[in-house]
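The values are calculated or read from the model by the stated rules, or taken from the named source; none is laboratory data. The structure presented is a predicted model; accordingly, all values stated were derived computationally and were not measured. FYI the Cβ positions are ideal-geometry reconstructions off the backbone, even for glycines, and counts take in every protein chain you see.
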Amino acid sequence: MSREILSVSELTLQIKNRLETLFPQVKIRGEISNCKRHGSGHIYLTLKDEGAQIPAVVWKTTASRMAVALKDGMDVIAEGRLEVYPPSGRYQLICTSVTEAGQGALQQAFAELLQKLAKAGYFSTERKRAIPAIPETIGIITSPTGAVIEDMSKVLERRFPAARLLLYPVKVQGAGAAEEVAAGITWFNTAKKRQHQPDVIIIARGGGSLEDLQAFNGEVVANALYHSRIPVISAIGHETDLTIADMVADLRAGTPSIAAELAVPDCQELLRHITTLQSRQDRLLQAKLEGAERHVYSICSSYAFNRPPLQMEQFRERLNTLATRMSQRITTLFEQQVQHYGAVKKQLTMLDYRKTLERGYVLVKKEGKYMTGAENLQASDNVELLFHDGVLPAVISPLKRS
């Protein structure tokens with residue numbers, strides 16, 4: 001049986017169809033070499049290991065979405081499809097994504113933990129606490145050196161210098177960093193002294209790769225944030241970085257400086273607001289006073305309000321009339337009594353025995369008693385003779401009979 005004679009193009013086309021069908025999607029690991037970015041934006045490179053190499057292409061649209069800058073010597077994981085390029089008779093990998101070798105495992109762990117915490121309600125908005133409007137004390141968990149703490153301090157000093165800052169120094173990457181950050185959150189929440197209890201906590205670090213931010217993508221820090229009773233602002237990495245700590249925290253800030261701005265009010269704006277409120281209060285008070293004055297004037301001008309004074313005036317006039325009448329009546333009664341007293345006195349005067357004595361009569365008094373007849377007297381009795389102008393002693397002589 002004779003075999004069919006194929007042209008180079010026909011054989012290449014059959015290889016292309018079978019190879020591309022057999023490997024529609026592959027993921028390989030290798031080291032980058034001969035990495036070149038073309039003026040069109042495409043990237044051409046070679047992936048190699050100890051035993052082989054394969055050419056690869058990253059088209060412009062894919063290259064614009066990649067988070068890493070490709071360079072020679074970088075250990076990467078490339079994902080894509082195999083393609084045969086007939087003009088040169090070679091196959092190459094058309095990359096749909098290229099990540100650093102270590103990032104693949106980290107991204108997988110990130111996705112798995114994200115799903116686990118989401119089911120447990122760690123990201124629920126209902127459990128997130130409100131950030132206090134005017135905090136007295138702010139707890140900061142970050143590295144004690146570097147630009148982060150310096151930038152945050154400047155922002156806090158400018159916006160709200162009255163706030164007291166408490167720094168809990170930690171490592172922000174590497175071995176033990178996650179445990180230190182979690183310990184800082186727990187320490188602020190369990191501090192015994194009031195001066196060590198902040199109103200809000202900020203956890204912060206600068207930007208970095210996925211490996212650099214790994215301390216904030218673990219379950220240790222997520223648990224500490226979830227159980228914190230103090231509101232926490234998370235500012236990990238740059239605006240484009242998003243960590244699990246950012247999602248569990250009560251508020252996420254794009255940068256540490258933004259976190260400082262979100263934690264405190266602007267004192268100048270606060271003073272302007274207070275001035276506005278005071279002016280509004282003054283206007284409201286003035287309006288209320290003017291309204292009260294109008295109300296009082298209306299009441300004072302009403303008939304119901306003025307009726308009692310009018311009645312009082314009428315009662316006063318009646319009382320004056322009655323007082324005048326009473327005075328006149330008393331005067332009249334007094335004069336009548338005086339006249340009556342004069343008449344009685346005159347009558348009594350007329351009945352006075354001394355008046356009778358003035359007419360020549362004499363009273364005889366014996367032993368303190370007035371004698372009304374001769375039978376009460378005996379000879380030699382000592383008596384007193386009462387004249388109108390005096391008293392004389394006398395002795396009763398025997399009765400001489402004619």
Problem - Any hit, the range 174-191, residues being farther than 24 Å from residue 147 by Cα, aliphatic (A, V, I, L, M) and modelled with pLDDT under 95 - result: yes
Exercise for the section: May I ask you to verify whether residue 326 is modelled with pLDDT of 90 or more and part of a helix (DSSP H, G or I)? Expected result: yes
Exercise for the section: Go through the range 255-306 and count every residue that is hydroxyl-bearing (Ser, Thr, Tyr) and either within 30 Å of residue 152 (Cα to Cα) or within 26 Å of the chain's Cα centre (by Cα) (or both). Expected result: 5
Fill in the blank from the handout: Picking from 142, 96, the residue that is of a type in the set (Ser, Thr, Tyr) and surrounded by fewer than 17 Cβ atoms within 10 Å (Cβ to Cβ) would be 96
Practice task
Just one of (1) surrounded by 16 or more Cβ atoms within 10 Å (Cβ to Cβ); (2) under 30 Å from residue 212 (Cβ atoms) trips up residue 75, so point out which.
Solution key: (1)
Completion exercise
Restricting the range 217-238 to residues that are touching a Gly at 6+ places or on another chain (Cβ under 8 Å) and modelled with pLDDT under 90, the one nearest to residue 184 (Cα to Cα) turns out to be 237
Fill in the blank from the handout: Of the listed residues (277, 251, 271, 284), the one being buried (at least 18 other Cβ atoms within 10 Å of the Cβ) and not hydroxyl-bearing (Ser, Thr, Tyr) is 251
Completion exercise
Only unsatisfied item for residue 125, checking (1) surrounded by 13 or more Cβ atoms within 10 Å (Cβ to Cβ); (2) under 30 Å from residue 250 (Cα atoms), is (1)
Exercise for the section: Name, by its number, the condition in (1) assigned to a loop (DSSP other than H, G, I, E, B); (2) closer than 23 Å to residue 239 by Cα; (3) without any contact (Cβ under 8 Å) to a residue 60 or more places away in the chain; (4) of a type outside the set (A, V, I, L, M, F, W, C) that does not hold for residue 192. Expected result: (2)
